[in-house]
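The values are calculated or read from the model by the stated rules, or taken from the named source; none is laboratory data. Values in this document were obtained by computation on a predicted structure and should not be read as measured data. All Cβ positions, even for glycine, are placed from backbone atoms using ideal geometry, and neighbour counts span all protein chains on display.
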C-alpha cells in the first residue's frame with residue numbers, strides 16, 4: 001500500500017473512533033437520567049444502555065475474567081493482525097481498504113470505550129418498524145457492520161470492479 005492510501009486508511013479509522021467517542025458523550029449528556037427520545041414516530045429511538053458484551057450484548061453473560069480477556073485483550077490483537085495481514089496483500093482494492101478502516105475504527109472505538117468505562121460500551125440507538133426492532137447499538141457498531149458488508153461485497157467479485165485496481 002502506498003503512503004497516500006495508508007493516510008486515507010488512517011483518516012477513516014481515526015474519524016470512526018472520533019465520531020463514535022463524540023456521539024457517545026453527546027448521548028450520555030442528553031439522555032442521562034433514563035429518559036429516552038423517539039424520532040420519526042417510534043422508528044428511531046435513543047436511550048442509554050451500558051453493554052458489557054460485544055455486538056448486541058454477545059458474551060455479556062460470560063464470567064468477568066473471560067470477558068476481559070476476550071474484549072479488552074484479544075479484540076485489539078485481532079484487529080492488528082487483520083490490518084497487518086491486509087497490508088501484506090498485493091491486490092487489495094480501495095473499497096476493501098475502506099471496509100477494513102471502518103471495521104478497525106469501529107472496533108477500536110468500542111475497545112477504547114471499554115477501557116474508559118470499566119469494561120462496558122455505551123450504546124444508545126435502536127431502529128424499528130412496528131414490532132420489529134434492532135437491539136441498541138452505537139456508531140462503532142454501525143461502522144463495523146458497514147465495513148463487513150462492504151468487505152463481503154468487494155471480495156465476492158473484485159475482478160470485475162473498476163475499484164479493484166491494486167493500490
Quiz item: Which one of these is closer than 19 Å to residue 120 by Cβ and touching a helix residue (DSSP H, G or I) at 6+ places or on another chain (Cβ under 9 Å): 47, 96?
Solution: 47
Quiz item: Is it the case that residue 123 is out of contact with any helix residue (DSSP H, G or I) (no Cβ under 7 Å at 6 or more places or on another chain), at negative phi and buried (at least 23 other Cβ atoms within 10 Å of the Cβ)?
Solution: yes
Quiz item: Given the structure, is residue 38 in a helix (DSSP H, G or I) and without any contact (Cβ under 8 Å) to a residue 24 or more places away in the chain?
Solution: no
Quiz prompt | Every residue from the stretch 138-167 that is surrounded by 12 or more Cβ atoms within 10 Å (Cβ to Cβ), modelled with pLDDT under 95 and outside any helix (DSSP H, G or I) | solution = 161, 167
Quiz prompt | Verdict on residue 32 being over 19 Å from residue 145 (Cβ atoms), surrounded by fewer than 19 Cβ atoms within 10 Å (Cβ to Cβ) and under 19 Å from the mean Cα position of the chain (by Cα) | solution = no
Quiz item: Tally time: how many residues in the stretch 89-118 are surrounded by fewer than 17 Cβ atoms within 10 Å (Cβ to Cβ) and outside any helix (DSSP H, G or I)?
Solution: 5
Quiz item: Within the stretch 1-8, can one find any residue that is farther than 20 Å from residue 141 by Cβ, without any contact (Cβ under 8 Å) to a residue 40 or more places away in the chain and surrounded by 12 or more Cβ atoms within 10 Å (Cβ to Cβ)?
Solution: yes
Quiz prompt | Only listed residue being in a strand (DSSP E or B) and either in contact with a strand residue (DSSP E or B) (Cβ under 8 Å, 6 or more places away or on another chain) or under 26 Å from residue 104 (Cβ atoms) (or both), chosen from 30, 71, 62, 48 | solution = 48
Practice problem: With respect to residue 133, determine if the residue is exposed (fewer than 14 other Cβ atoms within 10 Å of the Cβ) and at pLDDT below 90. | Solution: no
